[in-house]
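The values are calculated or read from the model by the stated rules, or taken from the named source; none is laboratory data. Since this is a predicted model, take the numbers as computed values, not measurements. Here Cβ is always computed from backbone atoms with ideal geometry, including for glycine, and neighbour counts include all displayed protein chains.
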Amino acid sequence: MNRFLLVVTLGVAGCSCSPPVLVDAGGDAGADAPEAPRILDLVVADVANCVLLRGGQIECWGRGLPDGVTELSGGVDQVVVGTSEVCVRRGPTVECRGAPRAPSNPLLEPPSADFVDIGANNDRACGRTSARSLLCWGISPLDPLVPNVDELRVGSQGGVCVRNGMSGACWFSGETTPRALLGDIAHVARPNLWGRCALDTAGEVVCDPTCAFATTEPSLCPSDDWTTAVGTGPGGEFVQLDLPYLGFFACGLRATGALECWGLDYEGRPGASHPSLRELEPAGLTFRDFGIGGGHVCGVTTDDRVVCWGWVPEPVDVPAELR
């Protein structure tokens, strides 16, 4: 009989850190040991998803994927997908595919650097180097000078969150001063236009409920606010956290493999034209990785399958070989 433990690392879909893996917790080695996972990483974007497979191959599906994505597969260490772009990292080198722009799309010309982590969305990308510096390129690549970056996440509308030691901060295009996340931060999540959240060193969810446009264009902020519509969730320790590209909800993964989601746009708004994500959520599954898109959630189960649910059909239609 196989006996194994679920070993987890703090991380989020789209990051370079390894997803949780199953390791032997006793018993005979060899034939009785669990097989290494086939799906190494899952990246969930607005209306598209990608997985990194054992052997450096990638597979992507959904809506709005750029031409030439299949050419990126092979020898890949990390893949990230945004609204209309896919980038891969092979060792320190980054290659991107994106939508054509006139006269050119600067996203397709990443700088030469010793990259160890990347993120992308909305025709822009950022990378963290082995020297812990942050480099961004593409549309509106101007960012505050933030030294000593230990963790990087790129979210909706070019938002960036970074961690330096146990300090976290986020900003969006046009902001010159990062907004600090309070507390001792162990892991930052992708920023959402209506709020930013992270996991502290105890695994608890901490959030900055400030709308991204609060200081630049307050009229663009919605009538709902993050504190009342989402809050910080059910409490307790999480090992992974993600936010949607837009919308008022969040999901967190427990060390047990339980995935918990909360917030107004997960439970469903009155009069909505589609079922709520809560109604579509599968029952009885445990996960080792997950991510949130624009109107869908995907996860990698502990038996190495991809499962998606939501009201946007294309990214939920998982290729048969991954189910």
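In segment 289-306, which residue that is in contact with a Pro (Cβ under 6 Å, 6 or more places away or on another chain) and surrounded by 18 or more Cβ atoms within 10 Å (Cβ to Cβ) is nearest to residue 38 (Cα to Cα)? Out of the qualifying residues, it is 289. Restricting attention to segment 166-203 and to residues that are among the polar types (S, T, N, Q) and assigned to a strand (DSSP E or B), the residue that is modelled with the highest pLDDT turns out to be 167. In segment 284-297, the residue that is farthest from residue 60 (Cα to Cα) out of those that are over 11 Å from the mean Cα position of the chain (by Cα) and not aliphatic (A, V, I, L, M) is 284. Checked against (1) surrounded by fewer than 21 Cβ atoms within 10 Å (Cβ to Cβ); (2) β-branched (Val, Ile, Thr); (3) closer than 24 Å to residue 59 by Cα, residue 256 meets all criteria but (3). Residue 134 meets the conditions (1) surrounded by 15 or more Cβ atoms within 10 Å (Cβ to Cβ); (2) modelled with pLDDT under 95; (3) closer than 25 Å to residue 49 by Cβ; (4) not basic (Lys, Arg) in every case but one. The failed one is (3). Scanning segment 233-254 for residues that are within 24 Å of residue 165 (Cα to Cα) and over 18 Å from the mean Cα position of the chain (by Cα) returns 235, 236, 237. Remark: pairs (first residue in segment 27-55, farther than 28 Å from residue 315 by Cα and modelled with pLDDT of 95 or more; second residue surrounded by 15 or more Cβ atoms within 10 Å (Cβ to Cβ) and not small (Gly, Ala, Ser); Cβ separation under 8 Å; 6+ apart in sequence or on different chains) are absent.
Among the residues of segment 164-177, which ones are surrounded by fewer than 18 Cβ atoms within 10 Å (Cβ to Cβ), in contact with a strand residue (DSSP E or B) (Cβ under 7 Å, 6 or more places away or on another chain) and either under 17 Å from residue 243 (Cβ atoms) or not polar (S, T, N, Q) (or both)? If the condition is that a residue be surrounded by fewer than 18 Cβ atoms within 10 Å (Cβ to Cβ), in contact with a strand residue (DSSP E or B) (Cβ under 7 Å, 6 or more places away or on another chain) and either under 17 Å from residue 243 (Cβ atoms) or not polar (S, T, N, Q) (or both), then 166 is the only one that fits. In segment 146-165, which residues are in a loop (DSSP other than H, G, I, E, B) and not polar (S, T, N, Q)? Within segment 146-165, 146, 147, 149, 150, 155, 159, 165 meet the criteria. All of 190, 124 fail the test of being in contact with a helix residue (DSSP H, G or I) (Cβ under 9 Å, 6 or more places away or on another chain) and touching a residue at least 60 places away in the same chain (Cβ under 8 Å), apart from 190.
When residue 161 is tested against the conditions (1) over 14 Å from the mean Cα position of the chain (by Cα); (2) under 15 Å from residue 245 (Cβ atoms), the lone failure is (1). If you filter segment 78-112 down to residues that are in contact with a Pro (Cβ under 7 Å, 6 or more places away or on another chain) and hydrophobic (A, V, I, L, M, F, W, C), you find that the one that is farthest from residue 46 (Cα to Cα) is 94. Taking first residues from segment 102-119 that are closer than 15 Å to residue 149 by Cα and without any contact (Cβ under 8 Å) to a residue 40 or more places away in the chain and partners that are buried (at least 20 other Cβ atoms within 10 Å of the Cβ) and basic (Lys, Arg), the Cβ contacts under 8 Å between residues at least 6 apart in sequence or on separate chains come to 115/89; 115/128.
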